[in-house]
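Here's the structure we're looking at; comments come further down.
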Amino acid sequence: MASSALIKPTLPTIWRVPDELWQRIAPVLVVNKPRQKPGRPRSADRPIFDALIHLARTGSQWCALPAEFPPKSTVHDRFQEWVEYGCLETAWGLLLQAYDETLGIDWHWQSADGCIVKAPLGKRTAQGETQATGPSPTDRGKSGSKRHLLTEGKGVPLAVVLTGANRHDMKKLADLLDAKVIAAPDTEAVEQHLCLDRGYDYEDCRQAALERGYIPHIPDKDAPVPAPTDPNRHPPRRWVVEVGHSWFNRFRGVLIRWAKSAQSYLGFVQLAACLIVGRKLLVFSG
């Protein structure tokens, strides 16, 4: 029988924000702005955050929000407010900072890749611009989005960029590397490798990585895949970004993009990132 010391601690799925996690993020969710008109006191933030967790977990419609939560209009307005003011992204960065201080972010081996998600309600703006949607090459040209993800060496998310499903991964690599929600250490102090798949086998991608101090690892798309027994085969490092995508895809509201606007969908992705990183902290502290 395996030693109890080797058994990794587990936590049940987070459906309500735990006290320890809420204490960390509550201050950055406060938006100080004058009220437009008098009325009832402002609803508490915590039940609204719990309602958003429910929506992200289930992928249900706003109108199907259970009665145990605040009214859907209140939840929606607060969510839009948090997204507009960057509160959820700030909370994600704050939790990453705590994760770095307790467990340590593995900056040494980072990885990036894109994941196509269905976007059945994707639409165009009044100016004709798409809300980060496009014909999906893997779903008969139906509307879809692509979630570009950068992770550290253990799969914890560092940055996310959203585009249409038909946008090539290599086109957004530079933007993705610049979108980290927490400052990376100086590359002279910490050697940072970037593992990518063959879809990034372009000079622009290598240049983008080198300009930011990375050591890129991109296989040649024209070369045959080395055999597992080949001593020159590079150790597998890129799989962690697939783990990161799988964590996001456990949220049904993120697995399928039901949000019409790119900003709203990105808000749910940032919310999911907060819970992914927060769960790591809770496992460590528990």
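The values are calculated or read from the model by the stated rules, or taken from the named source; none is laboratory data. Because the structure is a prediction, the values reported are computed rather than measured. Note that each Cβ is placed from the backbone with ideal geometry, even for glycine, and that neighbours are counted across all protein chains shown.
Taken over region 240-286, the criterion of being of a type in the set (S, T, Y) and either over 19 Å from I105 (Cβ atoms) or buried (at least 21 other Cβ atoms within 10 Å of the Cβ) (or both) is satisfied by S246, S261, S264, Y265. For Q127, the conditions (1) over 16 Å from A273 (Cβ atoms); (2) modelled with pLDDT of 95 or more; (3) of a type in the set (S, T, N, Q) are fulfilled apart from (2).
Residues in region 44-87 that are surrounded by 18 or more Cβ atoms within 10 Å (Cβ to Cβ) and of a type in the set (A, V, I, L, M): I48, A51, L52, I53, L55, A56, L65, V75, V83. Going by what's in this entry, would K172 be described as in contact (Cβ under 8 Å) with a residue 12 or more places away in the chain, charged (D, E, K, R) and part of a helix (DSSP H, G or I)? Taking the combined requirement at face value, the residue satisfies it. Given the criteria at pLDDT 95 or above, closer than 28 Å to G134 by Cβ and in contact with a helix residue (DSSP H, G or I) (Cβ under 7 Å, 6 or more places away or on another chain), does A272 qualify? Criteria met by A272.
The criterion of at least 3 residues that are of a type in the set (V, I, T) is met by the following helices (runs of 4 or more DSSP H) wholly inside region 178-286: 239-249, 262-285. The set of residues in region 73-110 that are in a loop (DSSP other than H, G, I, E, B) and touching a Lys or Arg at 6+ places or on another chain (Cβ under 8 Å) comprises L103, D106. The residue list P120, P41, P70, P66 contains one member that is assigned to a loop (DSSP other than H, G, I, E, B), touching a residue at least 24 places away in the same chain (Cβ under 8 Å) and either over 20 Å from L162 (Cβ atoms) or under 19 Å from the mean Cα position of the chain (by Cα) (or both), which is P70. Does D100 meet the test of being at pLDDT 95 or above, farther than 30 Å from D139 by Cα and surrounded by 13 or more Cβ atoms within 10 Å (Cβ to Cβ)? Taking the combined requirement at face value, the residue satisfies it.
If you go through region 198-210 one residue at a time, how many are touching a residue at least 12 places away in the same chain (Cβ under 8 Å), loosely packed, with under 13 Cβ neighbours inside 10 Å and among the acidic types (D, E)? Residues flagged as touching a residue at least 12 places away in the same chain (Cβ under 8 Å), loosely packed, with under 13 Cβ neighbours inside 10 Å and among the acidic types (D, E) within region 198-210 amount to 1.
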